[in-house]
1. Could you list, in sequence order, all residues of region 58-105 that are of a type in the set (D, E, K, R) and part of a loop (DSSP other than H, G, I, E, B)?
2. Taking interchain pairs and intrachain pairs at least six residues apart, which have beta carbon atoms under 6 angstrom, with the first residue in region 78-105 and free of Cβ contacts under 8 Å to residues at least 60 places away in the same chain and on the phi < 0 side of the Ramachandran plot and the second surrounded by fewer than 18 Cβ atoms within 10 Å (Cβ to Cβ) and assigned to a loop (DSSP other than H, G, I, E, B)?
3. Of the conditions (1) farther than 27 Å from R131 by Cβ; (2) in contact with a helix residue (DSSP H, G or I) (Cβ under 8 Å, 6 or more places away or on another chain); (3) at pLDDT 95 or above, A70 fails just one. Which one is it?
4. Would region 56-67 turn up any residue that is in contact with a Gly (Cβ under 8 Å, 6 or more places away or on another chain), surrounded by 19 or more Cβ atoms within 10 Å (Cβ to Cβ), within 17 Å of K113 (Cα to Cα) and in contact (Cβ under 8 Å) with a residue 12 or more places away in the chain?
5. When you check A148 against the structure, is it in contact (Cβ under 8 Å) with a residue 24 or more places away in the chain, in a strand (DSSP E or B) and closer than 27 Å to P41 by Cβ, yes or no?
6. Scan region 90-136 residue by residue and report those that are over 24 Å from N75 (Cα atoms) and basic (K, R).
7. Is it the case that some residue within region 76-86 is out of contact with any Ser or Thr (no Cβ under 8 Å at 6 or more places or on another chain) and closer than 29 Å to A42 by Cα?
Amino acid sequence: MIRPKQLAFILVTLLLTTCTLIAQETTPPPVTAPPGQTAAPAYTPKFRGDPARSDSEAEALGYMRVVMRAEVGFNKHYGHYALSLRQLVHSGTFTERMVNPDRGDYTVGYKGKKDNFILTMTPKMMDAQHRSFYADKDGKIHADETKAADENSPVVETHRW
């Protein structure tokens with residue numbers, strides 16, 4: 001004969017097992033692109049107001065933010081902007097490995113002068129999810145999806161350091 005405690009244990013176990021099985025979601029069928037096209041996964045913004053359209057753009061913009069913050073610190077410390085990316089090493093969070101201009105899907109362009117700097121991120125293949133970016137000492141990041149971005153391209157992000 002089953003005791004009340006054993007019966008309660010069996011009922012709770014069955015209930016939990018049933019709830020677990022019911023709660024499991026079925027996996028939706030994979031999204032396939034039309035023949036000849038590859039489906040780009042939907043981008044999830046990394047923060048409120050994120051201007052990126054893809055993970056590659058988010059990484060490129062993140063790199064630009066680090067360089068721009070390092071430039072502000074460098075300028076405060078030395079009274080001028082860095083003439084090369086190498087001079088920014090250990091300014092803010094800019095590290096030695098960040099000197100390498102190959103940033104995955106993007107290539108870094110940098111021109112430093114004592115009174116300004118120009119930072120560009122050029123995609124290896126430009127499309128709607130891989131725009132080009134431009135920034136200088138004004139703290140604005142410009143983007144363009146059809147050509148190399150410059151100071152006249154639309155602003156996608158503004159910083160006041």
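1. From region 58-105, those of a type in the set (D, E, K, R) are 59, 65, 69, 71, 76, 86, 96-97, 102-103, 105; that's our starting set.
The one that is of a type in the set (D, E, K, R) and part of a loop (DSSP other than H, G, I, E, B): D105.
2. Matching pairs, first to second residue: H80/K114; E96/V89; D105/K124.
3. Answer for A70: the failing condition is (1).
4. no
5. On the way: in contact (Cβ under 8 Å) with a residue 24 or more places away in the chain: yes; in a strand (DSSP E or B): no; closer than 27 Å to P41 by Cβ: yes.
The answer is no for A148.
6. R103, K124, R131, listed by residue number.
7. Of region 76-86, the ones out of contact with any Ser or Thr (no Cβ under 8 Å at 6 or more places or on another chain) are 76, 78-81, 83-86.
Subset that is closer than 29 Å to A42 by Cα: none.
Checking region 76-86: not a single residue is out of contact with any Ser or Thr (no Cβ under 8 Å at 6 or more places or on another chain) and closer than 29 Å to A42 by Cα.
The values are calculated or read from the model by the stated rules, or taken from the named source; none is laboratory data. No experiment lies behind these values; they were computed from the predicted model shown. Glycine gets a Cβ as well: all are built from the backbone with ideal geometry, and neighbour counts include every protein chain shown.
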